[in-house]
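The values are calculated or read from the model by the stated rules, or taken from the named source; none is laboratory data. A quick note: this is a predicted structure, and the numbers were derived from the prediction, not measured. A quick note on method: Cβ atoms are made from the backbone with ideal geometry, for glycine too, and the neighbour counts reach across all protein chains shown. In case anyone asks, the SASA skips ligands and DNA or RNA and just uses the protein heavy atoms, side chains included. Shrake-Rupley method; radii C 1.70, N 1.55, O 1.52, S 1.80 Å.
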Amino acid sequence: MTYDYFVASRFRNKDFILPFVKQLREKGKTVYCFLETEPSQQYVGGLDADAEESMKQFEAITDYRNDPRVREIFETDMTALHASDTLVLLLPAGRSSHVEAGVAYGLDKKLVLVGEQKETESLYLIFNEVYNTADEFFNSI
């Protein structure tokens with residue numbers, strides 16, 4: 001499967017991510033959302049799970065480099081990133097999301113930043129488009 005958009009953000013931001021993804025799909029776009037994948041739902045938490053508690057449990061995995069659950073999430077996300085045209089980074093975003101943005105940049109994908117930047121970040125120059133709000137982004141497509 002190929003995707004128009006790969007949405008990257010942090011799990012704790014899911015109450016913003018899910019409506020964002022829904023709105024993209026209503027515009028006829030194909031979207032990869034890590035929250036919806038079977039590995040993320042199985043190993044991190046379902047869409048109705050408490051985001052903070054789910055992330056505390058996931059972040060407590062001590063031997064993450066050898067954990068098959070973490071590997072499955074990684075492989076699922078990287079496969080989808082390769083199959084996507086554009087990465088959208090929704091702020092606030094965590095470390096993994098920023099790594100995904102760097103990978104997308106290296107793969108010569110289009111990059112879009114959505115959310116208010118609170119301070120200067122020179123590496124945010126990798127983004128082709130920057131929007132302070134989701135509404136600004138949706139008005140552009």
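Observations on the structure shown:
- Helix 68-82 and the long axis of the chain differ in direction by around 20°, with both axes built from C-alpha atoms.
- Here's how it looks for Y32: its modeled amide H is under 5 Å from those of Y5, F6, V7, which are all 5 or more places away or on a different chain.
- For the stretch 1-36, trypsin sites (Lys or Arg not before Pro) meeting the loop criterion (DSSP other than H, G, I, E, B) and having at most 15 other Cβ atoms within 10 Å: K27, K29.
- Of all the options L81, L35, L123, the one that moves most in a Gaussian network model of the chain with Cα springs shorter than 10 angstrom is L123.
- Value at 222 nm in deg cm²/dmol, rounded to 500, when DSSP H runs of n ≥ 4 in the chain each add -39,500 (n - 2.57): -13000 deg cm²/dmol
- Magnitude of the charge dipole, the chain, Cβ model with Lys/Arg +1 and Asp/Glu -1, debye to 20: 160 debye
- Restricting attention to the chain, lysine pairs at least eight places apart or on different chains and with alpha-carbon atoms under 24 angstrom apart total 14.
- Taking only protein heavy atoms and a 1.4 Å probe, the accessible area of the chain is 47% carbon and sulfur.
- Using C-alpha pairs below 8 Å separated by at least 6 residues, the relative contact order for the chain is 27 percent.
- Which labelled figure in [x] 54, 32, 27; [y] 40, 30, 27; [z] 40, 32, 31 is Cα extents along the principal axes in Å, once derived from the coordinates: [z]
- Averaged over its residues, the stretch 71-131 has an accessible area of 57 Å² per residue, based on protein heavy atoms and a 1.4 Å probe.
- Karplus-derived HN-Hα couplings along the stretch 18-30 (A = 6.51, B = -1.76, C = 1.60, θ = phi - 60°), whole Hz, x at Gly and Pro: 4, x, 4, 4, 4, 5, 4, 5, 5, 8, x, 8, 8
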